[in-house]
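Structure, as structure tokens:
Each value in this text was obtained by applying a stated rule to the coordinates, not by laboratory testing. Just so you know, these numbers come straight off a predicted model, no measurement behind them. Cβ: placed from backbone, ideal geometry, glycine included. Neighbour counts: every protein chain shown.
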Amino acid sequence: LAMADGGFQDPKVPEVSVIVVAALYKFFAFEEYKEFQEEIQKLCDENGVKGSLLLASEGINGTIAGPRCGIDKVVRRIRALEGVGDGLSYKESLMNPDNRQDGAFMRMRVRLKKEIVTMGLPGIDPTKRVGTYVEPKNWNELITRSDVTLVDARNDYEIDIGSFKGAIDPKTKSFREFPGWAEANLDPSKHKSVAMFCTGAD
């Protein structure tokens, strides 16, 4: 059964007993992010939504959990921000009450940050300079090309579970370490086409 904001309700689980876990992010020019902190915190608190949201001048990123109606209200408000709309990267899953105690998170935290994805490089603006996003249907063809260098940008735990054949493991513990690795290991004259993948909300 389709729900608002791209979600789906399992017809076998009553709505009142379902916890919706939603991961979301969007890079956009967010000038009013400081003013938005109190508003979105209050909206989450009033609707039983818990988790973490990061706000910065470059956008919003986070994971939240709560009842169907609460998640829908919060996501609807985020989508209403200028520059977000349907461009919000969003993915959700459902938790059955038999598999939880007090929900997925204990409290709601909305934090102001310099970056929503920590890289530690001042001056980078993901809203203005980005790579080329690849549709899933085109991914396998891309990474089998002989001129493409494939890099797994996930953390070590995720890489240990599995990766694409031939992908380079940077062995970084956090994304903050990635720019240094790229500087030392990727030569623009040699690695002209680089395909990267990470765990995201798409």
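Observations
- Segments 51-59, 78-86 sorted - mean Cβ within 10 Å per residue, highest first: 51-59, 78-86
- Between LYS137 and GLU82, the simple label model (points 7 Å from Cα in the Cβ direction) yields a spacing of 3.5 nm.
- Local electrostatic count, SER163, Cβ distance below 14 Å [Lys/Arg +1, Asp/Glu -1]: -2
- Close amide H contacts of ILE19 (hydrogens built in the peptide plane, cut-off under 5 Å, sequence separation of 5 or more or a different chain): MET95.
- Sequentially through the range 88-96, phi angles give Karplus couplings (6.51, -1.76, 1.60; θ = phi - 60°) of 5, 6, 9, 8, 9, 9, 10, 10, 6 Hz, Gly and Pro residues having no value and appearing as x.
- Overall Cα dimensions of the range 35-91, principal axis frame, Å, largest first: 27, 22, 16
- Karplus (6.51, -1.76, 1.60) ³J(HN,Hα), θ = phi - 60°, over the range 40-51, in Hz, Gly and Pro reported as x: 6, 4, 5, 5, 5, 4, 6, 10, x, 9, 10, x
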